[in-house]
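The values are calculated or read from the model by the stated rules, or taken from the named source; none is laboratory data. Bear in mind that the values here come from a model prediction, so they are computed numbers and not experimental data. Every residue, glycine as well, gets a Cβ built from its backbone with ideal geometry; the counts of neighbours run over all protein chains shown. For the accessible areas, the whole protein counts, side chains as well, though only heavy atoms, and no ligand, DNA or RNA atoms are used. Shrake-Rupley method; radii C 1.70, N 1.55, O 1.52, S 1.80 Å.
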Amino acid sequence: MTGKEIVSTEPRKAYLREYEDVPVKENEIRVKVEFAAAKHGTEFTHFRGEDPFLENIFDEEYLLFRKSKEAAEKPFFMRPGNMWIGHITEMGKEVKGFEIGERIAGYGPLKSTHTLKAEEAFKMPKRMTWKEAVCYDPAQFALGGIRDGQVRVGDNVVISGLGAIGLLAAQFARLAGAAMVIVCDPIEKRRNVALENGADLALDSSSVDVGFEIKKATGKRGADVVIETSGNYHALQQAIRGVAYNGNVAVVGWYHECLGGLNLGREAHFNQPNIIISRACSEPNREYPRWSFERICNTCWDMLAKGLLKCENIVDPVVPIDKAAETYMSIDRNPSSSVKMGVEF
């Protein structure tokens, strides 16, 4: 079967190409993909060629590429994309518990078919939407940040950075009992989504003194917890300024070398924040053995399956596969045009 996929063989350039599927093995499932989504944070960092450690070392084609003569001239290869949903079209003889035509979700790049082992597939309840399913990955890190930040009933909580992780963290904070949820981001589109989904106050971090505005909104006390998801050192500085005395700053974003923007001077020493680096998939979890990454994953999938998290306005824009490469590059150049990119096959 011939399919279509998005690939990149040099930083910041993506293109559509065709491929031929290989026969399904006895323990494998083949899926015809209907929808998929990209992951804007770490994925775009790799796409820009900014972090060599984000290379897809588990991609067989990538490993073959690295051994080729071409790799010496262009040592770069990636397949954009994070999660997909589709229907089963083929199954190997050893596969049990699934049916042809069944709708499932899984991890993988922007590709019109996927072949995977049965244990790698996620069964989707009938009421679950595809946008809820592709928010599963960011939900894990959002929930990890909320738990590491120790959000409690009655807390004033700030979510810094409104990609999919931040937008879901804002909803988790409300579900955890936050009295006030304040969100910060320079992109108006994302601030509006957060407000639609229940945030109390949205701050434009490009035009206001965020730390000062947080103190004003909380009666000069500051936020009990700040969940920093942007990976921007200026945002971390504002989190340190805006947090209450001895409050928690859960750092969820993936940071790079600090070349300025962080001042651990007067305000940091007077506020005495607890800075907690949060990564949901790092084991053992901070709450081990009660909480593990597996429990975080199961909780997120269950909540998404029950419709407890609003995802319809998070996955935006949604484009056809033939426009996906062009849109992906456009979002890289202009992040304000999107929240989380979806692809329709």
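Taking the criterion of being part of a helix (DSSP H, G or I) and charged (D, E, K, R), the residues of segment 313-345 that qualify are 322, 323, 326, 332, 333.
Pick from 294, 283, 344, 312: which is touching a Pro at 6+ places or on another chain (Cβ under 7 Å) and open to solvent by 80 Å² or more (accessible area, probe 1.4 Å)? I'd like the intermediate steps shown before the answer.
On the way: 294 fails: touching a Pro at 6+ places or on another chain (Cβ under 7 Å); 283 fails: touching a Pro at 6+ places or on another chain (Cβ under 7 Å); 312 fails: touching a Pro at 6+ places or on another chain (Cβ under 7 Å).
It is 344.
Looking at segment 223-295, the strands (runs of 3 or more DSSP E) lying wholly inside it that each contain 3 or more residues that are in contact (Cβ under 8 Å) with a residue 40 or more places away in the chain and either among the β-branched types (Val, Ile, Thr) or farther than 14 Å from residue 184 by Cα (or both) sit at 223-228, 243-251. Residues of segment 89-104 that are surrounded by 14 or more Cβ atoms within 10 Å (Cβ to Cβ), part of a loop (DSSP other than H, G, I, E, B) and not small (Gly, Ala, Ser): 95, 98, 102.
Annotation for segment 196-208: no member residue is under 29 Å from residue 83 (Cα atoms), modelled with pLDDT of 95 or more, open to solvent by 50 Å² or more (accessible area, probe 1.4 Å) and hydroxyl-bearing (Ser, Thr, Tyr). Restricting segment 1-42 to residues that are among the acidic types (Asp, Glu) and under 23 Å from residue 124 (Cβ atoms), the residue that is surrounded by the most Cβ atoms within 10 Å (Cβ to Cβ) is 5.
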